[in-house]
1. Which condition from (1) over 30 Å from Ile196 (Cα atoms); (2) basic (Lys, Arg); (3) surrounded by 13 or more Cβ atoms within 10 Å (Cβ to Cβ) is the one that Arg312 breaks?
2. Sort through Val35, Val77 and tell me the only one that's at pLDDT 95 or above and open to solvent by less than 10 Å² (accessible area, probe 1.4 Å).
3. Condition (residue is modelled with pLDDT of 80 or more, closer than 15 Å to Asp46 by Cα and surrounded by 12 or more Cβ atoms within 10 Å (Cβ to Cβ)) applied to the range 88-97: is it met by at least one residue?
4. Restrict the check to the range 268-281 and report whether at least one residue is surrounded by fewer than 21 Cβ atoms within 10 Å (Cβ to Cβ) and of a type outside the set (A, V, I, L, M).
5. Which of the residues spanning the range 282-301 are open to solvent by less than 40 Å² (accessible area, probe 1.4 Å) and at pLDDT 90 or above?
6. Going through the range 39-64 one residue at a time, which ones are crowded, with 22+ Cβ neighbours inside 10 Å and of a type in the set (Ser, Thr, Tyr)?
7. Filter the range 109-153 down to residues that are of a type in the set (S, T, N, Q) and open to solvent by 30 Å² or more (accessible area, probe 1.4 Å) and give me whichever is farthest from Phe185 (Cα to Cα).
8. Sort out for me the helices (runs of 4 or more DSSP H) sitting completely within the range 329-446 that have 1 or more residues that are exposed (fewer than 14 other Cβ atoms within 10 Å of the Cβ), modelled with pLDDT of 90 or more and in contact with a Cys (Cβ under 8 Å, 6 or more places away or on another chain).
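The values are calculated or read from the model by the stated rules, or taken from the named source; none is laboratory data. Every value quoted in this text rests on a predicted model; they were computed, and no experiment measured them. Neighbour counts are summed over all protein chains in view; Cβ atoms, including those assigned to glycine, are modelled from backbone coordinates with ideal geometry. For accessibility, only protein heavy atoms count, side chains too; no ligands or nucleic acids. Shrake-Rupley method; radii C 1.70, N 1.55, O 1.52, S 1.80 Å.
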Amino acid sequence: MKNSEIKIKMPINVKKILSILYFEGCAGYIVGGCVRDSILGLIPKDWDICTNCIPEEMLHIFSSFKVVLTGFKHGTVTVVIGGESYEITTYRIDGDYIDGRHPEEVIFTNKLKEDLKRRDFTINAMAYNDRVGLIDYYGGLQDIRDKKIRCVGDPVERFREDYLRMLRGVRFATQLGYQLESGTFDATKELCGNIINISVERIREELNEILLSPAPSVGFRLLEATGLLKYIMPELETCIGFEQHNPYHHEDVFNHTLSVVDNTESDLILRLAALFHDIGKPETFVLDARGVGRFFNHSVVGAEIAEDIMKRLKYDSKSIEQVAILVKEHMSRYENLSDKAMKRFINRVGQDNINRLFKLQVADIEAIAEEDEIDVRGIIKLKGEVERIINEKQPLTVKDLEIDGYDLMELGVPEGKLIGTILNELLETVLEDPDTNKKDTLIKIAREKLNLQERKLGVQF
């Protein structure tokens, strides 16, 4: 397909903004990711617009709309039309990058080519409008055809402007199923250590995008090949080439891990758990008397390592907790559990997390077994029992009790630790016999426990 044959369907509000700019004697184009995604037949997340119009003029041109000064000194304003926000940015040239992240100054230009020249990759350096068509000074369309991620101009120079671009290159290659062009790959390898200058929050977001890609293993192998992995996640690099010396595992820990990640659905918590599920193996490895590799307690150690990594990358506390639980429990295989034990298991993993555990366990088995040897019947049976208990709405936590702390205080229990102690003891009773979860019954049991406490301590509450 030639550049002149490219036709991009734009939202009506984007067309309106471009028409207004044109009417006022200014140029306007959609630019970057929205052009790339449209060519690829994907739905753009954002529609970014660039123009030769300076910010002060944009305030006047779009005065009939709500305008937000998002990055005014850097040439960006946000115009709100029909409740949707659209960023419009003046063509610009970035000054010197003093810290590998931010330009020292921004210089406005009236040349689109100069603006596109400062962008990271050729596939992100294309612009389009209906009047002119596709503007592609740097070969982005050909790189899409060739499935290549290539920097605009000198890759070393592009990466030194913002070292996160190295990780973004890996992310785009993973998401799109492309290759890093050789010069871009070599520059990443040369400068990989500079990724430590980038904030962990920005690194985390790129890692999340890699993990949510169709085949995350592609990205993590690229991270390893370019040298980025040892700076971002050295704990995972330790797993590379770590042979398990176990008849059930034909791959090293790293490759087995990536097989499990690829076998899971695109759920961030689940894929993080898959990434970390065996990360404790190198630390716990021992050879038994027969020369077979054993990894005692690796799930517990792995959960601790997963917590450390996620805290370092500043994940939220709920995500850290959910992932750590999945890693810790991934080796659990329960048979013939009583309902009480089943409820404890559900509580320990969490109702909103437990299906992820079953999916992780199935993915783990699928990654080590031959197709005709895969046996997940035990997991399916346990899943069915768990669903039965949840569907029956049997009480599982203190919150499910027909009595609370206020009821205990009315009985004379002082506010404090003793309330929690008695509530947990009542829960044990209810887990054993759900029929006891009636307010009158629980108050009676609580009174007996309170009397016992009084006799034990010699104190009247």
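1. Result: Arg312 passes all but (1).
2. Being at pLDDT 95 or above and open to solvent by less than 10 Å² (accessible area, probe 1.4 Å) holds for just one of Val35, Val77, which is Val35.
3. Yes.
4. No, the range 268-281 contains no residue that is surrounded by fewer than 21 Cβ atoms within 10 Å (Cβ to Cβ) and of a type outside the set (A, V, I, L, M).
5. His298, Ser299, Val301
6. Scanning the range 39-64 gives a single hit, Thr51.
7. Once the filter is applied, the top-ranked residue is Asn110.
8. The helices (runs of 4 or more DSSP H) meeting that bar number zero.
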